[in-house]
């Protein structure tokens, strides 16, 4: 019975990648501006993520910028209307414990001629301004992020001395402004390192199913803590290198190629587990090499998060993100041990079945990404 349960769990892991594609956007980013009479959130929304017919559709793709700009006026009006409706459903603002009204402005529609923000991949993005009239104190302006979302809300505080970025998980909130009794408004200090650790952890658990499967593949070769710890640390070290180099702009690979190579690494690890049952030098070399590839994948995610932060202030984001990834990897390993504990008498069978599933999942991802 225990073996059957394990097989069911492993098959579920194999099927989860399809479910994971239900969200097209991992982060929604805003820049917060504290003006004399107004407080504003500025951002660029993925239009496909705003429209009901394409929002959270499994395997859904972003809309084409060029195609949207050629749409008739009534369709553009609908896009504007649905974007506002979606934002009001997923985002809420409060001051001193009470909800406050806010309005949405669309700068792109004020352009003559109308034009969406330029995007290298031809994604259709729409600029938005969320405006709140400044309030007399005392009180705190909070932004609340819907618990129904899978994406993470990222806020860049414009006047922070460190160009600080903070994040909000689904169902969470954060303080944007503190207003004293005297009426003085100050941007609230945030725990930047903690937010980056959380961001790195969450990128693996629960969002990074391909990354989770790679770590699970490492676990299947050697069910012992010591070699697994060394592999996890070596993997983190190597992906930290390419993550930093990519974010700094010194290394750059086409994102689609990186995603194909990540899928290949998962398939390769699964196949190697079937051919060898001993952790040797080759496994450590492979872990290091594949870590370099995964680091470039992480960089594709972090690019928008660190946009606007000076290079000299990237130490905390990079350190925190990598620490969060490492903690998530150790969590995956710990959970894997707990899954295998009840069926230790059938370890060999379970390891082989798990490795086959890892190899097939990686191969499936690779084919899917090659075909676009």
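Just so it is clear, none of the values below were taken in a lab; they were calculated from the coordinates. Fair warning: this is a prediction, and the values are worked out from it, not measured in the lab. Methodologically, a virtual Cβ is constructed for each residue, glycine included, from the backbone with ideal geometry; neighbour enumeration extends over all protein chains shown.
Would you work out the Kirkwood radius for region 67-109? I mean one over the mean of 1/r across all pairs of different Cα atoms, in Å.
Details: mean 1/r = 0.0818 Å⁻¹.
Every distinct Cα pair counted, the radius reaches 12.2 Å.
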Check your understanding: By per-residue mean of other Cβ atoms within 10 Å, what is the highest-first order of 245-252, 173-180, 324-331?
Key -> 324-331, 173-180, 245-252
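Rounded to the nearest 0.05, what FRET efficiency do residue 70 and residue 314 have when you use their Cβ-Cβ distance and R0 = 30 Å? Before the final figure, lay out each step's value.
Working: r = 39 Å, r/R0 = 1.29.
Plugging the Cβ-Cβ distance into 1/(1 + (r/R0)^6) gives 0.20.
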Review point. Mind listing P(r) for region 198-370? All alpha-carbon pairs, 10 Å bins, whole percents.
Key: 10, 39, 35, 13, 3, 0
**Study point:** Inter-site label distance for residue 248 and residue 115 at 7 Å from Cα along Cβ, in nm
**Key:** 3.4
Exercise for review: Using only the alpha carbons of region 27-190, determine the length spanned along each of the three principal axes and report them from longest to shortest in whole angstroms.
Suggested key: 51, 36, 30
Point to revise | Projected label distance in nm at residue 229 and residue 78, using a 7 Å step from Cα toward the beta-carbon | key: 5.9
Check your understanding: So between residue 274 and residue 54, what do we pick up on full extension, going 0.36 nm a residue minus the alpha carbon distance?
Key -> 75.2 nm
